[in-house]
Amino acid sequence: MNILDARVRLPQHFREARIGDMRNEYVAQYDAVLQVRSTIEKTLDDLIQEMKESGVDHAIMHAEYEFGEDGDALNEALAKVISAHTELFSGFGTISMEHFRPMRAVQQVSRIRELGFLGVNIQPAFFEMPIDDRKLYPVYAKAAELGLAVAIHTGINYSMIHPIRNEHPLLLDQVACDFPELTLIACHGGWPWVPEMVAVARKHPNVLMDLGGLSPRYLGVLGAGWEMMYRLANNLLQDQILFATDWPVFPLKRAIAEWKELSIKPEVLEKVLGSNAKALYSKIKAEVKKNDNT
């Protein structure tokens, strides 16, 4: 089985903001829940070794913008990683969210396309913006025009200073209604609003979900809040779920093992662990090629 991790993070040593520079209000609760301080300094070599040991053939690396870093610098750093390891990595670039300016963001999306990335990663709730904020519409429009996907943080965040209401998956419904051509990826699967997330995905085939940053075994735990998604993963949603780890937040080998322990049909498990991401990759490449020819 070919395994593709649909979302790993650009390693910290390629970024400007080190763990000591991050806002304490942000880090404290994340560390309490996810123990980020013990993993945040993992290197690219660590990731490559984990991929070899776990049997992950390819990973899509995201330049996630969370702490006011230089979005352009993140994209260029990601491009260097991918150019040195084209067989292992593809990329999702990012835009500068702090002091957000729509036209600057549109230019960054164009640069993301020039760099050969597959899409754009945004986390608007970390900058007091809801997913359907109209200031983001030029970004969605440009991504749709260029055939790029947009990955968006949904569901709970563990920051003590950013309300989670801005990450409700129902906000994706409005964006998907306004941009039916655009592929949207709900990172983290929208928990705790799983029924709403499922409803949006059932309504919009172009809305995919990755479950990175969480333990897959909880999908099968009664009362954990994933019951509806777990039930429909075997049938109606089987083409819309992407395997992701949010590395270094969650270890690759453990995530794969927990997916395999769930009561998922073998043919569906193959889709989740690789085929769905490969289909997304092929779709984006086809859209980009079509746009290049018009």
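The values are calculated or read from the model by the stated rules, or taken from the named source; none is laboratory data. Small disclaimer: the values here were computed from a predicted structure and weren't measured. Counting neighbours? That spans all protein chains shown, and the Cβs are built from the backbone with ideal geometry, glycine included. With ligands, DNA and RNA removed, areas are computed over all heavy atoms of the protein, side chains included. Shrake-Rupley method; radii C 1.70, N 1.55, O 1.52, S 1.80 Å.
Of note:
- Rounded, prolate or oblate (a/c below 1.5 giving rounded, otherwise prolate when a/b exceeds b/c) for the range 3-292 by Cα gyration tensor: rounded
- With every protein chain in place, the chain: carbon and sulfur % of accessible area (1.4 Å): 52 percent
- Charge dipole magnitude, Cβ of K and R +1, D and E -1 - the range 98-215, Cα centre, debye nearest 20: 200 debye
- Hz values of 3J(HN,Hα) by residue in the range 221-232 - Karplus curve (6.51, -1.76, 1.60), Gly and Pro given as x: 9, 4, x, 7, x, 9, 4, 5, 5, 4, 5, 7
- Residues with amide H under 5 Å from that of Gly91, placed H, sequence gap 5 or more: Met61, Leu118
- GluC sites (Glu not before Pro), loop per DSSP, at most 15 other Cβ atoms within 10 Å - longest free stretch of the chain: 182-294
- Contact order relative to length of the range 3-292, as percent, for alpha carbon pairs under 8 angstrom and 6 or more apart: 19 percent
- Among Asn235, Asn206, Asn75: highest mean-square fluctuation, GNM of the chain, C-alpha pairs under 10 Å: Asn235
- Stretchable slack from Glu261 to Glu227, in nm (0.36 nm times residue separation minus alpha-carbon distance): 10.6 nm
- The amide H of Leu242, built 1.01 Å from its N in the peptide plane, has Met209, Asp210, Leu211 as neighbours under 5 Å, considering only residues 5 or more places off or on other chains.
- In the context of the full set of protein chains, the chain has a per residue accessible area of 41 Å² (1.4 Å probe).
- Here the relative contact order of the range 191-294, from alpha carbon pairs under 8 Å that lie six or more residues apart, stands at 27 percent.
- Amide proton proximity set for Ala151, modelled H, under 5 Å, gap of 5+: Val120, Asn121, Ile122, Ile185
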